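The values are calculated or read from the model by the stated rules, or taken from the named source; none is laboratory data. In this text the structure is predicted, and so the values were computed from the model without any measurement. Cβ sites come from the backbone with ideal geometry, for glycine too, and all protein chains shown count toward neighbours. Keep in mind that these areas ignore ligands, DNA and RNA; they rest on the heavy atoms of the full protein, side chains included. Shrake-Rupley method; radii C 1.70, N 1.55, O 1.52, S 1.80 Å.
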Amino acid sequence: MCSVVGYVGSTLSRSKIVRGLERLEYRGYDSAGFACLNSTTNQIDHVKAAGGLDKLVSKCSEFPFDGFLGIGHTRWSTHGASTAENAHPHFDCQKTIALVHNGIIENHRELKSELELHDHAFASDTDTEIIAHLLEQISAQEKNIVQVLLLLVNKLEGAYALAALLSAYPDTIIAIRKRSPLCIGKAEDGMYVASDELAFAGHIEEVFFMPDESFALISKNTVDLYDFKGNLLVCNFRKSLLEWSSNTKQGYEHYMLKEIYEQKAILLKTVDLLKKSGDAFFDTLGLSDKQIQDLESVVFIGCGTSYNAGRIAQFFFDSLCSIRCEAVLASEYRSMNYREKERVLYMAISQSGETADTLEVIRLLKKLHFPVTTLTNVASS
Ligand code: GLU
């Protein structure tokens, strides 16, 4: 799971982008990068580094450029090794477009072959770079930016949260969202965009979570939001209440260790909260009392650690509730043939609320109107 961060405003972007990326380090990554529209040359400048953010920061100090429009990324490689070349941002042939991406472009091979026929040359092994070249290709024929973006999203298959800089639009950051999350923050000094509100918590006054399949043209004071059919949408910003504590690792070497040691206190806190909230909690489940009483089995769905948590929950549910339980891997379960099952509760577990395979299973189950509930650590997911 990677992180996308962007800023456009009245102050320079670099320190804001790096700070945002640092706050999203909990999401895990293997390399990082930053690009901005250089405020003196109006060209796109960038720095990329393999490894931790400290590597990016020390490389940045060799190149003191900055700009009022910036994007940054921490990458969790899916296509291509974790090298500086494959780190984001990625560019078009002319280096007039820079973009960062969270997700996977499923049809990247077909698109690459098409683009090669038009003499596009690629500098990385990523699926992401294809998007920059495709944007360049479309922009050569179509000048209206909204039309360009509609044509782009029409060509892309897969999941993507994108933030892009185009030197032809020196006041605008382009944000596009399909499946992978993106939110926009409004602050006194400009607009922010990121995979998670935490990136700019405390600095923004208002936040807006982009709806699935939408894109935004974000400038210092305004956001124009469209759906994938080209309809203009309303951005309903709400007050940002999230706070940031700089002591999030609380002395632990890394997040995983902290989370392991935290378990006991969190369990007690959760039980306490559930006791206090009484029936109000059950109202949020979306299941009637009758549905709960009639349940015959529970299926826990997850990937990685969440799947393992489901395996443990399976024993507790079985012994405490005398109910048949199984834990399944979302990556496998999404390819199953779903049959109408009575009295089954599906419980999807995802720490981030962003696990792609788990989300896919949730979508499938919802389409079939099966009862599905979610256990996640990110309330806004
Ligand atoms: N698929 C892209 C890559 O491998 C993005 C991965 C990510 O979400 O970090 O570069």
Taking the stretch 98-127 and keeping residues closer than 22 Å to Leu37 by Cα and either assigned to a helix (DSSP H, G or I) or more than 21 Å from the chain's Cα centre (by Cα) (or both) leaves Phe122, Ala123, Ser124
Residue within the stretch 109-127 that is away from the ligand (no atom under 16 Å from the Cβ) and among the β-branched types (Val, Ile, Thr) present | no
Please enumerate the residues belonging to the stretch 145-172 that are touching a helix residue (DSSP H, G or I) at 6+ places or on another chain (Cβ under 9 Å), assigned to a helix (DSSP H, G or I) and open to solvent by less than 30 Å² (accessible area, probe 1.4 Å).
-> Ile145, Val148, Leu149, Leu152
Residue list for the stretch 173-189, filter: crowded, with 23+ Cβ neighbours inside 10 Å and more than 16 Å from the ligand (Cβ to nearest atom) | Ile173, Ile174, Cys183, Ile184, Gly185
Given the structure, is Gly202 more than 17 Å from Leu99 (Cα to Cα) and small (Gly, Ala, Ser)?
-> yes
Please identify the pairs in which a residue from the stretch 292-311 that is free of Cβ contacts under 8 Å to residues at least 60 places away in the same chain has its Cβ atom under 7 Å from the Cβ atom of a residue that is among the aromatic types (Phe, Trp, Tyr) and in a helix (DSSP H, G or I), counting only partners at least 6 apart or on another chain.
-> Val298/Phe317
Which members of the stretch 80-97 meet the condition of being open to solvent by less than 50 Å² (accessible area, probe 1.4 Å) and either among the polar types (S, T, N, Q) or under 17 Å from the mean Cα position of the chain (by Cα) (or both)?
-> Thr83, Asn86, Ala87, His88, Pro89
Restricting the stretch 151-173 to residues that are without any contact (Cβ under 8 Å) to a residue 60 or more places away in the chain and at negative phi, the one nearest to the chain's Cα centre (by Cα) turns out to be Tyr160
Hey, among the residues in the stretch 336-358 that are at pLDDT 85 or above and over 22 Å from the mean Cα position of the chain (by Cα), which one's nearest to Arg179 (Cα to Cα)?
-> Tyr346
For Asp227, are the conditions met, namely being touching a Cys at 6+ places or on another chain (Cβ under 8 Å), touching a residue at least 12 places away in the same chain (Cβ under 8 Å) and over 19 Å from Ser10 (Cβ atoms)?
-> no
Residues that are open to solvent by less than 30 Å² (accessible area, probe 1.4 Å) and of a type outside the set (Lys, Arg): find the strands (runs of 3 or more DSSP E) completely inside the stretch 324-381 holding 2 or more of those.
-> 324-329, 344-350
From the residues in the stretch 222-265 that are in contact with a helix residue (DSSP H, G or I) (Cβ under 7 Å, 6 or more places away or on another chain) and over 18 Å from Ile184 (Cβ atoms), which one is modelled with the highest pLDDT?
-> Gly230
From (1) within 16 Å of the ligand (Cβ to nearest atom); (2) touching a Lys or Arg at 6+ places or on another chain (Cβ under 9 Å), pick out the condition that doesn't hold for Gly70.
-> (1)
For residues that are over 15 Å from Gly33 (Cβ atoms) and of a type in the set (Gly, Ala, Ser), scanning just the stretch 128-164, find the one that is farthest from the ligand (Cβ to nearest atom).
-> Ala140
Say we look at the stretch 121-144 and pick out the residues that are out of contact with any Asp or Glu (no Cβ under 9 Å at 6 or more places or on another chain) and surrounded by fewer than 17 Cβ atoms within 10 Å (Cβ to Cβ); which of these is nearest to Leu217 (Cα to Cα)?
-> Asn144
How many residues does the stretch 277-330 contain that are among the basic types (Lys, Arg) and at pLDDT 90 or above?
-> 2
